[in-house]
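Notes for the one structure printed next.
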Amino acid sequence: MRRTERPPLLPVAIAAVAVLAFALPLAGLLWRAPWSSAWKQLSSRDALDALRLSLVTSLSATAVAIVLGVPLAWVQARVEYRGKRLVRALTTLPMVLPPVVGGVALLFALGRRGLVGSELDRVGIQLPFTTAGAIVAETFVAMPFLVLTLEAAFRSSDRRLEEAARTLGAGRGEVFRRVTLPLVRPSLIAGAVLCWARALGEFGATITFAGNLPAKTQTLPLFVYLKFEGSDTDAAIVLSLVLVVVSLLVVVGLRDRWLTTR
Amino acid sequence: MTLEADVGVTIGAFVLDVALKVSNGRTLAVVGPNGSGKTTLLRTLAGLTPLTSGHITLDDEVLDDPAADRFRPPEARSVAIVFQDFVLFPHLSALDNVAFGARARGRNKADARRYAGEWLDRVGLGDRAGAHPRELSGGQAQRVALARALASDPALLLLDEPLAALDATTRIDVRRDLRRHLSTFEGVRVLVTHDPVDAAVLADDVVVLDHGRIAQTGTPDDITARPRTPWVADLVGTNLYRGTANAGTLRVDGGGTIAAATVVDDGPAFAVVHPRVVALHRAKPEGTPRNVWQGHATAIERVGDRIRVQVAGPPNIVAEITSAAATALGLVDGSELWVAVKATEVDMYST
């Protein structure tokens with residue numbers, strides 16, 4: 001058997017510190033977890049409201065992101081037009097923008113006296129401080145994850161498959177439905193899961209634009225923060241653990257994309 | 001019932017300008033170097049690339065005519081393509097690949113699948129109906145691609161290098177099957193290829209493209225005998241013999257024999273001899289070549305920097321020699337010559 005050279009010590013030691021930096025916070029959470037009262041905390045009225053609301057808003061935001069994002073990703077991948085790079089910059093911005101800035105911006109756009117919000121208000125539509133507003137905030141922040149994932153998939157899928165389908169008698173809509181979409185399905189699922197996880201964890205834009213109203217806009221992250229500030233640390237920790245478990249499931253679910261080295 | 005096309009396409013600096021006419025039941029081979037416009041020509045016929053000028057009509061139906069602002073999109077044309085590397089739908093089984101066209105053209109799912117099953121049987125893949133493309137061998141994938149194209153009941157069948165992606169041994173089998181299937185298909189066939197044997201075996205007529213224009217048209221035999229450009233001479237101007245093999249020697253239909261170093265099964269076979277490996281002598285050559293026969297020069301042509309000499313045998317053969325060698329031979333029309341070809345330079349295979 002061939003002997004392999006021992007890896008150098010310094011980078012391995014630094015890497016170990018980096019791993020600790022990831023592991024320690026999780027360990028802290030587990031160490032302080034009130035295991036005996038966990039079930040009681042989880043099944044409290046407030047906690048269940050926050051949980052339910054988080055599921056509703058994050059799934060709705062993902063649905064909106066799919067409806068708007070699939071065509072956007074397709075256009076970005078397949079249509080040549082002037083200003084395409086500008087559009088890409090604009091639609092990617094929420095990934096790097098501090099979410100609280102996004103929330104402020106949404107207020108000035110869609111708030112009661114905002115750019116478009118005042119018109120919406122006139123026809124009786126109010127977004128700020130409503131559940132719909134929370135969905136808008138989550139969509140704004142999370143949609144780029146779906147669009148970028150899907151755009152890459154549209155770009156790399158073999159155009160000749162679509163051409164073959166056209167020559168076999170399928171119109172453009174049918175080609176999209178029966179060839180293009182099935183081919184990008186793994187990416188669509190991955191993008192939607194990423195988008196959903198980001199929406200579920202959304203804090204800054206939601207609290208700024210939609211406020212912190214129990215059962216209306218108080219999603220899990222907001223609930224965790226509120227309980228923590230209000231010294232109900234046990235509730236904060238238990239619900240944090242719920243979010244950790246969900247995040248772990250996402251990472252494991254997308255392991256083929258992230259955890260394998262190709 | 002005919003395909004009539006006057007194809008004008010301008011893509012950047014590239015100009016394709018080709019006029020064709022192909023009748024039902026005939027196969028036209030389009031040959032030419034890379035970049036000559038072969039694939040672009042096929043794409044215009046399928047409607048994947050619109051014409052810049054000219055027109056395409058199939059059975060008196062206008063498919064494309066930019067001057068009259070008429071264009072039928074691919075899905076509204078009765079045209080099917082067999083692509084070079086098959087382009088099967090990876091997410092569908094072999095059966096559903098073949099059923100795709102029938103489904104798209106309005107048959108219900110069960111009906112389309114039954115029809116597709118018949119086609120898979122016909123290409124000998126009835127037992128692979130449930131396999132996905134990644135589970136098929138190259139030869140099987142090619143047959144699925146052919147069945148998929150034919151099952152959409154096209155009036156015009158386009159084949160883009162249908163054998164190029166296959167290894168040499170598979171190619172021989174698939175070519176034989178393809179020839180059989182093409183002969184039962186009643187519509188118009190257009191085949192793009194760079195393999196002279198494909199053109200000779202599969203096509204009734206050949207069009208040679210060069211830089212977007214037709215360099216030569218004719219039957220495969222015409223073009224083999226009288227190529228007009230060095231490229232054509234290299235590509236299709238090769239000696240192809242059909243006959244019956246017996247213990248490594250081909251008895252050529254029309255007279256004479258050719259021996260090869262490779263042994264093939266006894267029975268119908270082809271032998272290919274490239275003109276550049278044919279040696280010409282004024283006297284019977286001494287030494288080892290196994291194929292030696294006498295003939296006389298019937299045509300002498302200069303192609304580029306080389307001289308092509310047709311020698312009447314039997315068998316007849318085309319030799320390509322340098323002008324220095326031609327001078328040394330004192331070559332004129334009617335010269336008596338000895339032809340020599342080493343058995344190791346002969347490619348022979350069963351049909």
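Numbers at a glance
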quantity	calculated
Evaluated at q = 0.08, 0.09, 0.14, 0.15 Å⁻¹: base-10 log I(q)/I(0), Debye formula over Cα of segment A:96-252	-0.35, -0.44, -0.83, -0.89
Long-range amide H partners of B:S335 with built H, under 5 Å	B:A297
Chain A: radius of gyration and largest Cα-Cα distance (Dmax), Å	22.2, 79
Span from the segment B:138-193 Cα centroid across to the segment A:184-206 one, whole angstrom	45 Å
B:T244-B:D177 pseudo-label distance in nm [points 7 Å out on the Cα-to-Cβ vector]	2.8 nm
Under the Debye formula (equal points on every Cα, no solvent term), log10 I(q)/I(0) of the protein assembly as shown at q = 0.09, 0.11 Å⁻¹	-0.89, -1.08
Ratio Rg/Rh [Cα only; Rh per Kirkwood] for segment B:1-49	0.97
Packing rank of B:70-76, B:91-97, where each peptide gets the mean count of other beta carbons within 10 Å, highest leading	B:91-97, B:70-76
Under-5 Å amide H pairs with B:L209, H placed in peptide plane, nonlocal only	B:V31, B:G32, B:A215
Residues with amide H under 5 Å from that of B:G243, placed H, sequence gap 5 or more	B:D253, B:A269
Cα-based equivalent ellipsoid, segment B:41-89: semi-axes from gyration tensor eigenvalues, Å	22, 11, 9
More than 20 Å apart - percent of Cα-Cα pairs taken over segment B:71-226	51 percent
Debye equation applied to the C-alpha atoms of segment B:240-285, log10 I(q)/I(0) at 0.17, 0.22, 0.24, 0.27 Å⁻¹	-0.52, -0.77, -0.86, -0.97
Whole-Hz ³J(HN,Hα) from phi, Karplus 6.51 cos²θ - 1.76 cosθ + 1.60, for segment B:133-142, glycine and proline x	x, 5, 8, 9, 6, x, x, 5, 4, 4
Convex hull volume per residue for segment A:1-94, taking Cα atoms only, in Å³	296 Å³
When each of A:K40/A:K216; A:K40/A:K227; B:K38/B:K342 is checked by Cα-Cα distance, pairs over 24 Å	B:K38/B:K342
Segment A:207-236-segment B:260-300 distance, computed between alpha-carbon centres (Å)	91 Å
Cβ-derived FRET efficiency at R0 22 Å, A:V96 paired with A:S247, nearest 0.05	0.65
Stretchable slack from B:T262 to B:T2, in nm (0.36 nm times residue separation minus alpha-carbon distance)	89.3 nm
With Cα atoms, 0 to 90° folded angle of helix B:109-122 axis to chain B main axis	10 degrees
Hydrodynamic radius of chain B per Kirkwood, over alpha carbon pairs, in Å	22.0 Å
Whole-Å semi-axes of the ellipsoid equivalent to segment B:183-326 (Cα gyration tensor, √5λ, descending)	27, 22, 11
Summed residue charge, Cβ within 12 Å of B:S137's Cβ, Lys/Arg positive, Asp/Glu negative	0
Mean residue ellipticity (222 nm) of chain B, computed from DSSP H runs ≥ 4 via -39,500 (n - 2.57), nearest 500	-7500 deg cm²/dmol
DSSP H segments from chain A that extend 18 Å or more along their own axis, Cα-based, with Kyte-Doolittle mean of 1.6 or above	A:9-32, A:233-253
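A short reminder: the numbers here are calculations on the coordinates, not readings from a lab. On a predicted model such as this, the values are computed, not experimentally measured, just so you know. Don't worry about glycine lacking a Cβ; one is built from the backbone with ideal geometry, like all the others, and counts go over all protein chains shown.
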